[in-house]
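What follows is one structure encoded as structure tokens, with my remarks underneath.
The values are calculated or read from the model by the stated rules, or taken from the named source; none is laboratory data. Model, not experiment: these values are computed from the prediction. Note: ideal-geometry Cβ built from the backbone for every residue, glycine included; neighbour counts use all protein chains shown.
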Amino acid sequence: MNHKKSLIGSSIAFMIATSCCWLPALIVAIGGGSALLGFSQGLEKFSGLFILMGLMFLGYGLYQYKKKNAVPVAILQSRITCPECGHAKLETMPTDACQYFYECTNCKVVLKPTGNDCCVYCSYGTVACPPIQLDQACC
Ligand SMILES: [Zn+2]
């Protein structure tokens, strides 16, 4: 009798001690399985949304990257050489407007564009003005 009681007692103790292993399995097996399935399906819906969001962010990032790279950068420094005295000076060109007149810092002669040139940098500079560089309509 005593022996049997202790056997049952130890069996219960064993069951409780190992409940952490079989209890989740039991819950999954009983009804919980369907609930878990529903939960995973819900997650799948969300994961689809996350993938969509991720793709959108990726697309946006690529768009920004392309946009950044697509913007051509014009050289703004041009060495303008005076045809009168041969004096050369490195000047920074304006990006929003063309410079039609340029006064030589050495001989004070006022330079004007030659031919069909839009600005003094196109005529006397080493680098054409930014609108010409970027193939844009000039003023
Ligand atoms: Zn000059």
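Only one of ASP117, ASP135 is more than 15 Å from the ligand (Cβ to nearest atom) and on the phi > 0 side of the Ramachandran plot. Can you tell me which? So that I can check it myself, show each step before the final result.
Values: ASP117 fails: on the phi > 0 side of the Ramachandran plot.
Answer to the selection: ASP135.
Right, VAL71: modelled with pLDDT under 80, touching a Leu at 6+ places or on another chain (Cβ under 7 Å) and aliphatic (A, V, I, L, M) or not?
Judged against the criteria, VAL71 is not a match.
Can you name every residue in segment 76-90 that is in contact (Cβ under 8 Å) with a residue 24 or more places away in the chain and more than 41 Å from the chain's Cα centre (by Cα)?
Selection gives THR81, CYS82, PRO83, GLU84, CYS85.
Any idea how many residues of segment 98-139 are β-branched (Val, Ile, Thr) and part of a loop (DSSP other than H, G, I, E, B)?
Total satisfying the criteria: 5.
For THR105, are the conditions met, namely being within 13 Å of the ligand (Cβ to nearest atom) and among the polar types (S, T, N, Q)?
yes
Residues of segment 77-97 being assigned to a loop (DSSP other than H, G, I, E, B), near the ligand (Cβ under 9 Å from one of its atoms) and either closer than 13 Å to THR126 by Cα or not small (Gly, Ala, Ser) (or both), which ones?
CYS82, PRO83, GLU84, CYS85, HIS87
Exactly one condition in (1) within 16 Å of the ligand (Cβ to nearest atom); (2) loosely packed, with under 10 Cβ neighbours inside 10 Å; (3) among the β-branched types (Val, Ile, Thr) is not met by VAL73; state its number.
With respect to (1) within 16 Å of the ligand (Cβ to nearest atom); (2) loosely packed, with under 10 Cβ neighbours inside 10 Å; (3) among the β-branched types (Val, Ile, Thr), VAL73 is out only on (1).
For TYR100, which of the numbered conditions (1) surrounded by 13 or more Cβ atoms within 10 Å (Cβ to Cβ); (2) within 16 Å of the ligand (Cβ to nearest atom) fails to hold?
Answer for TYR100: the failing condition is (2).
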